[in-house]
Each structure stands twice: as structure tokens, then as C-alpha cells.
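Each remark here refers to the structure printed beneath this line.
The values are calculated or read from the model by the stated rules, or taken from the named source; none is laboratory data. Since this is a predicted model, take the numbers as computed values, not measurements. Quick reminder, even Gly has a Cβ in these numbers, built from the backbone with ideal geometry, and neighbours come from all protein chains shown. Surface accessibility is based on the protein's heavy atoms, side chains included, excluding ligands, DNA and RNA. Shrake-Rupley method; radii C 1.70, N 1.55, O 1.52, S 1.80 Å.
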There are 2 protein chains.
Amino acid sequence: MYGLIGSMSAVSGRRDDVIAILTEAVSNMPGCLSYVVAKDSEDENTIWVTEVWDNKESHDASLSLPSVTKAISAARPMISAFGNQVITTPVGGYGLPATKPH
Amino acid sequence: MYGLIGSMSAVSGRRDDVIAILTEAVSNMPGCLSYVVAKDSEDENTIWVTEVWDNKESHDASLSLPSVTKAISAARPMISAFGNQVITTPVGGYGLPATKPH
């Protein structure tokens with residue numbers, strides 16, 4: 001599996017708009033096992049995204065999906081900065097589907 | 001929802017042992033929607049844990065579950081440090097169950 005943990009800062013007052021775009025765009029991405037969008041509890045502009053994919057190739061391919069490129073274009077003007085992104089290898093736990101067909 | 005993103009460092013050579021304990025302990029925690037254990041891709045000792053709960057109370061209560069207290073006791077000697085933990089409010093995305101009964 002391939003995982004990403006990252007944050008971004010929305011332009012003041014637009015966090016909910018960015019979240020709405022992100023959550024709508026990610027419902028049908030081949031190879032995506034989990035994509036959780038969350039508000040930071042301390043900073044009113046920060047959004048955390050944690051992702052689990054079957055492999056890196058599926059993640060990279062998702063960036064070319066029409067729904068995703070459209071979402072990136074729509075959200076980008078409302079994002080002021082990106083935090084460091086951590087790349088992980090998820091190995092287990094709870095709540096991940098055993099497999100997901102492409 | 002209530003979310004946590006955090007990391008820990010295993011004692012050198014014991015990361016897989018810590019991961020085995022963590023992944024076994026988390027399979028039956030009431031109110032837990034997702035608990036993903038992942039290896040950092042750059043640091044050979046670092047483990048990332050990303051959690052989604054229905055609410056904070058469920059998370060706090062989980063720390064008293066026999067399976068969890070046992071896991072903490074077993075893993076603690078093999079953990080050298082904990083990173084900063086981020087508290088979030090997950091708001092949506094993909095891969096979370098709509099609801100999970102207690």
C-alpha cells in the first residue's frame with residue numbers, strides 16, 4: 001500500500017469551500033482505499049488529508065482523472081499554502097478494505 | 001467525528017514488532033471508524049498512526065479496553081519517542097463507514 005499524510009492552509013474564510021470540493025472529488029478514484037479530509041482542531045484555516053492507496057501508481061494516475069483535475073483547478077485559488085507531506089507504507093490496522101478492484 | 005494523526009519512533013530494529021502489536025490490538029474498538037498503521041517511507045524507525053473515531057469519548061474510552069492496555073504495556077518498551085499529535089475533526093472523504101454501532 002501507499003499512503004500520504006499532508007496538510008494545506010485555506011485562504012481565510014474558505015476552508016469549508018475547499019473541503020466541499022475535496023470531498024466531492026474523491027468518491028470514485030481507482031485504487032483509493034481511504035481518503036479522509038479533516039479540519040485541524042487548533043488552526044481555523046488548516047485542512048488535513050490522509051490517503052491510503054493500493055499502490056503509488058494508482059495515486060499518480062488519479063491526478064489525471066477529470067474529476068480530480070477539475071477539483072484541483074477549482075480549489076487551488078482558495079489554498080494559500082501546503083504543509084510538508086509525509087509518504088508512508090500503510091501496513092494494516094482497522095477500517096481498510098482488504099482489496100478494492102480497479 | 002474525532003481524528004488523530006501522530007507518529008512514534010520504535011527502538012532500532014523493533015518497528016515491525018511494535019506494528020504487529022498495534023495492528024492486532026485495534027480490531028475491535030467501539031466507535032473506531034478507521035485506524036491505519038503505516039511505516040514512514042524515509043525513517044526506518046518511524047510509525048504513523050491515523051485514527052478516525054465517531055467522537056472523542058469513544059477514543060478516550062478505548063484507552064481503558066483490556067486489549068488496548070495490554071498492547072500499550074507490551075509496545076511501550078519498544079517505543080523510544082512520540083512525535084507531535086494532531087487532533088482533527090474529520091468531515092468526509094472516502095472509505096469511512098457512514099455509521100458504526102457501538
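Note on chain A: with charges restricted to the Cβ of Lys and Arg (+1) and Asp and Glu (-1), its dipole about the Cα centre is near 200 debye. Shown here: segment B:1-68, whose C-alpha atoms stretch 33, 23, 14 Å along the first, second and third principal axes, sorted largest to smallest.
Rolling a 1.4 Å probe over the heavy atoms of the protein chains gives chain A an accessible area of 51 Å² per residue. Placing a label point 7 Å from the Cα of A:LEU63 along the Cα-to-Cβ direction, the distances to the matching points in the other copies come to 3.9 nm, shortest first. Sorting the Cα pairs of segment A:50-102 by distance into bins of 10 Å, from 0 upward, gives 17, 43, 33, 7 percent per bin.
In a reduced charge model with +1 at each Lys and Arg Cβ and -1 at each Asp and Glu Cβ, the protein assembly as shown shows a dipole moment near 200 debye about its Cα centre.
Taking all protein chains as present, what is the carbon and sulfur share of the accessible area of chain B, in % to the nearest whole number, probe 1.4 Å?
Numbers: 2680 of 5190 Å².
About 52 percent, which is the carbon plus sulfur part of the accessible surface.
Chain A residue nearest the rotation axis toward B, with distance: A:THR50, 2 (Cβ to axis, whole Å). With label points set 7 Å from Cα along Cα→Cβ, the inter-copy distances at B:ALA81 are 2.3 nm, sorted shortest first. Of the GluC sites (Glu not before Pro) found in segment A:1-89, those that fall in a DSSP loop while having at most 14 other beta-carbon atoms within 10 Å are A:GLU42, A:GLU44.
For segment A:48-102, with only Lys/Arg (+1) and Asp/Glu (-1) charged at the beta-carbon, what is the dipole magnitude about the Cα centre, in debye rounded to 20?
Working: 4 positive and 4 negative charges, 34 e Å.
With Lys and Arg at +1 and Asp and Glu at -1, about 160 debye.
Excluding same-chain neighbours fewer than eight residues apart, the aspartates and glutamates reachable from A:LYS56 by a Cα-Cα span under 16 Å are B:ASP40, B:GLU42. Both chains summed, the buried accessible area for A and B stands near 2400 Å², from protein heavy atoms and a 1.4 Å probe.
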